[in-house]
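Working notes, structure below.
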Amino acid sequence: MPCSAAFIQATDRTSYSAMNLSSKILKNTTLQRLYLFLIILLIPAIHFIPVNTFAQECINTKFLFDVKPNADQPSDLAIAPNGDIYLVDGINNRIVVVDSEGRWKFEFGTEGAGNGQFNRPLGIDISENGNVFIADTGNHRIQAFDLKGNFQNAFTVRTGSQQTRSDPVDVAVSKFKNYLYVSDNDNQKIRVYDRSGNLEFEWGKFGEGQGEFRYPGIMAINQINEVFVVDVLNTRVQKFDPFGQFITSIGIWGVLPGKFFRPKGVAIDKQNRVFISDSYMGVIQVFTDVGSFIGIVCDTGKKRTFNTPVGIAVDKNNRLLVVEMRSNKITVLKIL
């Protein structure tokens, strides 16, 4: 089944008002294929969730500030070693960089297929030594930059015996052997590369079993190099060891605490708690690293709702940063 058809069938509960919202994207057939990942899966329909659904389980936070960098449906972000925030503004084919307080610093990237150019990038991660890796989705590749946005190198993500090009949607950097983990949304796989772009190994196939995926998306890696993969249409996050061996699964389908409708982002804090955003329900839930539900992100004791939360991160100052896609901003909260 074509990727786009699978997306449409899998979202029959949702409103297609999202399509009208992003009609300018759909005028281009290439973007239609690439950005169904954002338009249909990441933009929720308006629906009713009981006010008290999450009333008793709160992870309290304090609002600090918003960052509004004139982005258009941003998808992901990453934190540099110095605290700077790098935001993927894929529709504008650029990376926006602000400091830790949200003040504008610079941007890099233009539309195209050359070195340092982008075609609708979606995912990002930054290594401890300051290498910035971008999932350049429409160009079927991973690009690497320094912290100033200077191009370093790139490699194409390919699949199968025919070595056809894939559309990577995220990249995650591991300290374990300097591996780069790439989520291949088209082929339901996680591909693992060295820093030079040589494929080391891969795992996954379409399905609902352990280690199988229905559109893998954003990833996170904890302090002991375990890999957490948002398995979007299986409404769960799967946890693997560095070699792709299944460990556990977090969440099932639903709208009650500990369940997901459209999980999108994942981040891990210093306590090894797992934060997971749900773009449909507009909330962020928190779990132990073995999958036990802890609570929901709250503000003054009440459930905090976000406008299509997608990529998230927790920085060294224990702040939660949330990309609110439909509001075109980053929300920064202090975890109390």
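For VAL290 and ASN318 in one chain, what is 0.36 nm times their gap in residues minus the Cα-Cα distance, to one decimal in nm?
So the extension gain works out to 8.0 nm.
Among 252-259, 141-148, what's the highest-first ranking by average C-beta atoms within 10 angstrom per residue?
141-148, 252-259
How far apart, in nm, are the 7 Å Cα→Cβ label points at PHE106 and PHE65?
With each label placed 7 Å out from Cα toward Cβ, I get 2.1 nm.
Take the residue pairs LYS239/LYS303; LYS148/LYS270; LYS62/LYS264; LYS205/LYS329 and return only those whose Cα atoms are more than 31 Å apart.
On the way: LYS239/LYS303 26 Å; LYS148/LYS270 27 Å; LYS62/LYS264 22 Å; LYS205/LYS329 34 Å.
Long pairs (Cα-Cα over 31 Å): LYS205/LYS329.
Given 0.36 nm per residue, what is the gain on full extension from ASP194 to ASP241 after removing their alpha carbon distance, in nm?
15.2 nm
Can you tell me the FRET efficiency between LYS177 and LYS302 if r is taken as the Cβ-Cβ distance and R0 is 56 Å, rounded to the nearest 0.05?
Once rounded, the FRET efficiency stands at 0.80.
Under the rule a/c < 1.5 gives rounded, and otherwise a/b versus b/c splits prolate from oblate, where does segment 53-335 land using the Cα gyration tensor?
oblate
Every number here is computed from the coordinates shown, using simple stated rules; none is lab data. The structure displayed is predicted, hence computed values, not measured ones. Cβ: placed from backbone, ideal geometry, glycine included. Neighbour counts: every protein chain shown.
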